[in-house]
Structure formats: C-alpha cells, structure tokens
Amino acid sequence: MKIKFTQILLIAIIMIGSIQLSAQKLGHINSQNIIVDMPDYKSALIEFQDYQKSLQKRLEDLQRLNQEELQDYQSKMDQMTAESRQRAEADLQERFQNLEKKQYEFQTKLQEREQEIMVPIQTKLANAIKEVAKKNGYDYVFEEAATLYAEGNDISNLIRKHLGLTVPEK
C-alpha cells in the first residue's frame, strides 16, 4: 500500500511539473537589431567615431613626429660623434616605445569610451524588455543569437513599439 501511494505521489508530482512547464510563456528577441535602430545608439555611434578620429589623429601626429626625428637623425648621423649618435639613438628608441605605449593607452581609452556610451543604451533596452515581458506575461525572454532554435514568440517588435521605434513590416 505504501509503495502504491509513493508511486501515485511521484506520478502526480511529475504531471504537475509538466503542466507548470508547459504553462510558461517564452519569447525571444534580436537585441542587436533593436539597438542599431535606437536614436540613442545612433548619436552614441557618432560621438564614439568622433572620439576615435581624434585619438587616431593624435596618434598619427606622434607617428609623424617620430618619423621626422628618425629622418633627421639619419641625415645627420654621419656628422655625429659616437657619443651623440648613441644619445640620439636612445632618444629615438624611447620615442618609439612611448608611441607603442600611447597606442595601447588609446586602445584602452576607446574600449572604456565604448563601454561608457553603451551601458545606458543597454540598460534602457533591458528595462524595456522587462516591462514588455511583464506586461505581456512572458516568463522568459531569450536572445535570439544565443538560441539554437527560435521559432515562436519573437517579441522584438513589441519592444520596438515600447521604445517608440518604427516597427518593420513583415
């Protein structure tokens, strides 16, 4: 009798679990497609590109100065004493090492700026996803790119609408 009761209880738990599983509402989105249409992203992209160009120009200026110094050294090298040649070479080596440091520093600054610009946009999208999911009864919303198969509830257009973006026609 006790075994039969345990079996019935186990079957009931499995059935209730499967009923709950099937009752969950799932959705998926393509966040990248939404982000690129956001006005905030478009203006942030322009700001980032301007910043990138300014850093690139500074780097090119440093490269040009180093190149000029190198050419100057090469043109005067024959008239220099061994001691002054050694100092000039050490100076050039230091300049080119500093240039490498600047390149790394600028790359780091670019990454930091990109992060700084993107976090508010990603936060805005995440909040919109949460609000739309709650409003429409979704238990889970998955990123389409991280899903092997995503046939079903694409809620990207609901999110676009919530953000005030144009909804593409199908």
ask   = For the residue pair Arg85 and Tyr51, what label-to-label distance in nm results when each label sits 7 Å from Cα along the Cα-to-beta-carbon direction?
value = 4.7 nm
task = Sort Ser75, Ser31 so the one with the fewest other Cβ atoms within 10 Å of its own Cβ comes first.
result = Ser75, Ser31
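Just need the relative contact order of the chain here, percent rounded to a whole number, with Cα pairs under 8 Å and 6+ apart.
Numbers: 95 pairs, mean separation 79.8, N = 170.
Result for the chain is 47 percent.
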task = Show which aspartates and glutamates lie in cross-link reach of Lys76 when reach means a straight Cα distance below 15 angstrom and same-chain residues fewer than eight apart are skipped.
result = Glu68, Glu89, Asp91
query = Which longest uninterrupted range of the chain lacks any GluC sites (Glu not before Pro) assigned by DSSP to a loop state (not H, G, I, E or B) and surrounded by at most 10 other Cβ atoms within 10 Å?
reply = 1-150
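Please compute the net charge surrounding Gln97, taking Lys and Arg as +1 and Asp and Glu as -1 over other residues with Cβ under 15 Å from its Cβ. Show your work: numbers first, answer last.
On the way: positive: Arg95, Lys101, Lys102; negative: Glu69, Glu89, Asp91, Glu94, Glu100, Glu105.
My count for the surroundings of Gln97 gives -3.
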Cβ-based exposure ranking for Thr81, Thr147, in which fewest neighbours within 10 Å come first = Thr81, Thr147
key: MRE, 222 nm, helices only [DSSP H, n ≥ 4, -39500 (n - 2.57), over the chain, to nearest 500]   = -26500 deg cm²/dmol
key: Interatomic Cα distance distribution for the range 2-163, bins of 10 angstrom, percent   = 9, 21, 16, 14, 13, 10, 8, 5, 3, 1, 0
key: Inter-probe distance in nm under a simple model that places probes 7 Å from Cα toward Cβ, at Leu110 and Tyr73   = 2.6 nm
ask   = Quick one: Debye curve from the C-alpha atoms of the range 58-146, no solvent, what's log10 I(q)/I(0) at q = 0.19, 0.26 Å⁻¹?
value = -0.92, -1.20
Nearest-20 debye value, the range 2-163 charge dipole, Cβ charges on Lys, Arg, Asp, Glu = 1180 debye
ask   = Points 7 angstrom from Cα along the Cβ direction at Lys101 and Asp40: gap in nanometres?
value = 3.8 nm
Restraint check, Lys53/Lys161; Lys42/Lys135; Lys25/Lys130; Lys53/Lys102, Cα-Cα greater than 23 Å = Lys53/Lys161; Lys42/Lys135
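Rule-based calculations on the coordinates, nothing more; no lab input. As the structure is a computational prediction, the values presented were derived from the model and not from experiment. Ideal geometry is used to build each Cβ from the backbone, glycine not excepted, and the neighbour counts take in all protein chains shown.
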